[in-house]
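K.L.:
Pasting a structure here, questions to come.
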Amino acid sequence: MRLMLAILAYAFLAQQITVKIPENAKEQEIQESVKALSGRIAQYGYRDLSVSAGQDKRSLLITSPIPVSDVMQVRLNQLMALKASEMEVRFIYPISQAELEQFKPGEAAPKGVNWIKWKGGWAPVRQEPTISVKGHVTWYPKKISGMYDKDVVGEQHLSFDATVSKRLSEIPAQQIAYTRLFVDGQMIEIGGSLYQNPKNTRWTIGIQGDWDILGPTINNPIPLALSR
């Protein structure tokens, strides 16, 4: 009797969210997307949610044992917003005041430069060089001493593999301040510092705001575009 009541309670409280995928998605892409979205959700901290492929092969299903709150709905949408299948390091062009008087942001730009729109406005970005990268975000805890020692989230690093690290370590020192991270063509606020090392270049993340979402997103790239 108790088991039956538990099953009925779960069925009553459980909620499924349907996530749309492209109609021409291949089986391997669907399975990779299930794994990656599961990884994002778990790494963010929603560990009771599960992801599966829909029987129609046109959707993924997120299942929660309890109703999904409005805040969770927003976070899940953010976790699905980017594929994170393409990451690049590009360079800001140090535009002069005279050039700003000549080239209006969002319209014409100096030769070899594009205006890129982002949430901070318009940024003049060099067309070349563009460095394709793959990275992994790691959270490094730091210990707070006191009556009770405890670990809290400290630095966040975006680390790159050896091949990319070597390329990034060759960027002249005077250009480091102009480096910017792009994910799926969007310029991402990261701040911090780029520490050059031929074997292990890493970017210390100085702007924490969106990185609770961006970290799991970058660590789990999804091959398919997802939508609600």
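The numbers here are math on the coordinates, done by the rules we state, and not lab data. Please read these numbers as outputs of a predicted model, since none were measured by experiment. No Cβ is skipped: glycine too gets one built from the backbone with ideal geometry, and neighbour counts run over all protein chains shown.
K.L.:
Between rounded, prolate and oblate, where does the range 34-88 land on the alpha carbon gyration tensor, with a ≥ b ≥ c its root eigenvalues, rounded for a/c under 1.5, else prolate if a/b exceeds b/c?
P.N.:
Note, shape of the range 34-88 comes out oblate.
K.L.:
Along Cα→Cβ, 7 Å out, is where each label goes; now give me the distance between the ones at Asn77 and Lys111 in nm to one decimal.
P.N.:
Those two pseudo-labels are separated by 4.5 nm.
K.L.:
Round to the nearest 0.05 the FRET efficiency obtained for Thr63 and Lys26 when R0 = 25 Å and r is the Cβ-Cβ distance.
P.N.:
0.60
K.L.:
Can you tell me which aspartates and glutamates have their Cα less than 15 Å from the Cα of Lys57? Leave out same-chain residues fewer than eight positions away.
P.N.:
Glu23, Glu27, Glu29, Glu32
K.L.:
Let me ask something else. For a 22 Å ceiling on Cα separation, which of these pairs sit above it: Lys119/Lys166; Lys20/Lys134; Lys83/Lys117?
P.N.:
In this structure, Lys119/Lys166; Lys20/Lys134 exceed 22 Å between Cα atoms.
K.L.:
Which of the aspartates and glutamates could be linked to Lys111 by a straight reach, that is with a Cα gap under 14 Å, when you skip same-chain ones fewer than 8 residues away?
P.N.:
Correct list for Lys111: Glu99, Glu128.
K.L.:
May I pose another question? Along the range 68-74, what does the Karplus equation 6.51 cos²θ - 1.76 cosθ + 1.60 (θ = phi - 60°) give for ³J(HN,Hα), rounded to whole Hz, x for Gly and Pro?
P.N.:
Going residue by residue, I get 7, 6, 4, 5, 4, 4, 4 Hz, with x marking Gly and Pro.
K.L.:
Same structure, new question: Quickly estimate the mean residue ellipticity at 222 nm for the chain, helices only: each DSSP H run with n ≥ 4 gives -39500 (n - 2.57), and the total goes over all residues, rounded to 500.
P.N.:
Helix contribution divided over all residues of the chain: -8500 deg cm²/dmol.
K.L.:
Report the antiparallel proportion of the DSSP beta bridges in the chain as a percent, rounded to a multiple of 5.
P.N.:
If we restrict to bridges inside the chain, about 100 percent are antiparallel.
K.L.:
Something else about it: Could you work out the percent of alpha carbon pairs in the chain separated by over 29 Å, rounded to a whole number?
P.N.:
43 percent
K.L.:
Which ³J(HN,Hα) values, rounded to whole Hz and listed in residue order, are derived for the range 115-127 from phi using the Karplus coefficients 6.51, -1.76 and 1.60 in 6.51 cos²θ - 1.76 cosθ + 1.60 with θ = phi - 60°, glycine and proline given as x?
P.N.:
For the range 115-127, the Karplus curve yields 7, 10, 7, 9, 5, x, x, 10, 10, x, 10, 5, 6 Hz.
K.L.:
Grab the Cα-Cα distance for Asp184 and Thr163, subtract it from 0.36 nm times how many residues apart they are, and report the gain in nm with one decimal.
P.N.:
Result: 5.5 nm gained on full extension.
K.L.:
Fewest first, what order do Ile218, Ile131 take by the number of other Cβ atoms within 10 Å?
P.N.:
With the fewest neighbours first, Ile218, Ile131 line up as Ile131, Ile218.
K.L.:
Report the net charge of residues surrounding Leu226, where surrounding means a beta-carbon distance below 9 angstrom and charges are Lys +1, Arg +1, Asp -1, Glu -1.
P.N.:
Result for the neighbourhood of Leu226: +3.
K.L.:
If you don't mind, another one. For Lys119 and Asn200, compute 0.36 nm times the residue count separating them, minus their Cα-Cα distance, and round to one decimal in nm.
P.N.:
Value of the extension gain: 26.1 nm.
K.L.:
How big is D for the range 87-219, in µm² s⁻¹ as a whole number, if Stokes-Einstein is applied with the Kirkwood radius of its Cα pairs at 4 °C and 1.567 mPa s?
P.N.:
D, rounded to a whole number, is 79 µm²/s.
K.L.:
Could you give the length gained on full extension between Thr130 and Phe103, defined as 0.36 nm per residue of separation minus the Cα-Cα distance, in nm?
P.N.:
Full-extension gain reported as 7.5 nm.
K.L.:
Summing Lys, Arg as +1 and Asp, Glu as -1, what charge do residues with Cβ under 10 Å from the Cβ of Leu76 carry, Leu76 excluded?
P.N.:
Here the charged neighbours net out to +3.
K.L.:
Here's a follow-up. Peptides 165-173, 56-64, 100-108: what's the order by average Cβ count within 10 Å, highest mean first?
P.N.:
Result, highest mean Cβ count within 10 Å first: 56-64, 165-173, 100-108.
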